[in-house]
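Peer 1: Sending over a structure as structure tokens; questions will come in a sec.
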Amino acid sequence: MTPRHPLDYCTYDVFTDQAFGGNPLAIVFEADSLSTAQMQVIAREFNYSETVFFQTPKDAAHTMRLRIFTPSRELPFAGHPTIGASVALSDLGHGPDLILELGVGALPAKAELGAASFHASQPVEILAQPDTVLVAKTLGLLQTDIAKPPVMASMGVPFTFTALTSRAALSNIEIDLTEMRIGNARYTSGRDFSQAAYWRDDIASLEAGHEVIHLRMFAPLDNIPEDPATGSAAATLARMLSADIGAPVSLTLYQGQDMGRPSEIKAHADDNGVTISGAAIKMMQGQLWV
């Protein structure tokens, strides 16, 4: 039998300050010895939407190198692993100012007292304008439930963003995998035709003094039936909304309510990029053997 050795890990619930809310994240420490293939099978074993691996940074002035995996592939950037990893680094005594090495480059972050933020300045890439009828069928909705034409965009991870006409339509989404596979074949730059549907709550926005959005994200072709909190989608959406009006925007995005894991993401976007912030809470720790 091949000798095995233990690696420490922990899990956090991210974009929440309440246990069993938000988006679960697994963090594997001291992962320099792991191959890409090993990291992928470990991520599949945890089976969270993402698992992050801490490695020694290439630049000694940086805090940590992060490699992020879904159950089926590596991502260059993702929001909830960045927030969760930042809070974990704070809990380990780092910070509050951090520099994280990601697939999109060095990313500045801050973390203290169970909350974190990061600033992403990479540009938004508009990849396609998927057919509205196809997107409606993919979401299991009527075409009249869609408020404006969908847009496929990315800041490292592509999503199809679709504004809906009501909160009820958002709750009524039932993904049609056949239609999603058709979309994935037609729009190959989208990787897995991930769907980020949202509704702008105008009444709550007036009361809060900033925009309030309810968001759901589905990526079943990437083994993520629904994601409770998607920081990369929130970042891209905030940048697009800011570009649409030609002015800065501040958003509170609620996600996960329809699946029993309520999450809250804060986003501020302007010409210089987007800042994403949120809380995270440690849930488990232990060892895995590889």
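Peer 1: On C-alpha positions alone, give me the angle between the axis of helix 79-91 and the longest principal axis of the chain, in degrees, nearest 10.
Peer 2: The two axes meet at around 40 degrees.
Peer 1: On to the next question. Could you put Met39, Met283 in order, starting from the residue whose Cβ has the fewest other Cβ atoms within 10 Å?
Peer 2: Values: Met39 21, Met283 16.
Exposure proxy ranking, most exposed first: Met283, Met39.
Peer 1: Then there is this: To make sure I understand the rule: partners must be lysines, Cα under 30 Å from the Cα of Lys282, and not fewer than 8 residues away in the same chain. Which ones qualify?
Peer 2: Lys58, Lys110, Lys266
Peer 1: Output the 0 to 90 degree angle, nearest 10, between the alpha-carbon long axis of helix 177-186 and the longest principal axis computed from the alpha carbons of the chain.
Peer 2: Rounded to the nearest ten degrees, it is 90.
Peer 1: If you don't mind, another one. Peptides 179-192, 150-163, 73-86: what's the order by average Cβ count within 10 Å, highest mean first?
Peer 2: On the way: 179-192: 17.0, 150-163: 23.6, 73-86: 25.9.
Final packing ranking: 73-86, 150-163, 179-192.
Peer 1: Place the peptides 52-60, 103-111 in order of packing, highest mean first, counting for every residue the other Cβ atoms within 10 Å and averaging per peptide. The partial results should precede the final answer.
Peer 2: Details: 52-60: 16.7, 103-111: 18.4.
For the peptides 52-60, 103-111, the packing ranking is 103-111, 52-60.
Peer 1: To continue, here is another question. Could you tell me the center-to-center distance, by alpha carbons, between the stretch 231-290 and the stretch 120-141 in angstrom?
Peer 2: What the calculation gives is 18 Å, centre to centre.
Peer 1: Starting with the highest mean, order 243-253, 25-35 by the number of other Cβ atoms within 10 Å, averaged over the residues of each peptide.
Peer 2: Ranking the peptides 243-253, 25-35 by packing returns 25-35, 243-253.
Peer 1: Next up: Can you give me the angle between helix 36-46 and the longest principal axis of the chain, using Cα atoms only, in degrees from 0 to 90, rounded to the nearest 10?
Peer 2: 70 degrees
Peer 1: Hey, another quick one. Apply the Karplus parameterisation 6.51 cos²θ - 1.76 cosθ + 1.60, with θ equal to phi minus 60°, to every residue of the stretch 256-269 and state each ³J(HN,Hα) to the nearest whole Hz, in sequence, with x for glycine and proline.
Peer 2: x, 4, 6, 10, x, 10, x, 9, 9, 10, 9, 9, 10, 10
Peer 1: Is the shape of the stretch 34-87 rounded, prolate or oblate, going by the alpha carbon gyration tensor and its root eigenvalues a ≥ b ≥ c, with a/c under 1.5 for rounded and a/b larger than b/c for prolate? Could the numbers behind the result be given before it?
Peer 2: Details: a/c = 2.33, a/b = 1.44, b/c = 1.62.
Because a/c hits 1.5 or more and a/b fails to exceed b/c, the stretch 34-87 counts as oblate.
Peer 1: Could you list log10 I(q)/I(0) for the stretch 167-290 at q = 0.13, 0.15, 0.17 Å⁻¹, which the Debye formula gives when each Cα is one point scatterer?
Peer 2: Treating every Cα as an identical point scatterer, log10 I(q)/I(0) equals -0.62, -0.80, -0.97.
Peer 1: Show that you can apply the helix-only estimate: for the chain, add -39,500 (n - 2.57) for every DSSP H stretch of four or more residues, divide by all residues, and state [θ] at 222 nm to the nearest 500.
Peer 2: Details: 7 runs with 69 residues, N = 290.
Taken over the chain, the calculation gives -7000 deg cm²/dmol.
Peer 1: Continuing with the same structure: What do you get when you divide the Cα radius of gyration of the chain by 2.2 N^0.38 Å, with N the number of residues? Mind showing how you got there, number by number?
Peer 2: On the way: Rg = 18.4 Å, N = 290, 2.2 N^0.38 = 19.0 Å.
Rounded to two decimals, the normalised Rg is 0.97.
Every read-out reported here was derived from the displayed coordinates using simple, explicitly stated rules and does not represent laboratory data. Note that the structure is predicted; figures quoted are calculated from it, not measured. Methodologically, a virtual Cβ is constructed for each residue, glycine included, from the backbone with ideal geometry; neighbour enumeration extends over all protein chains shown.
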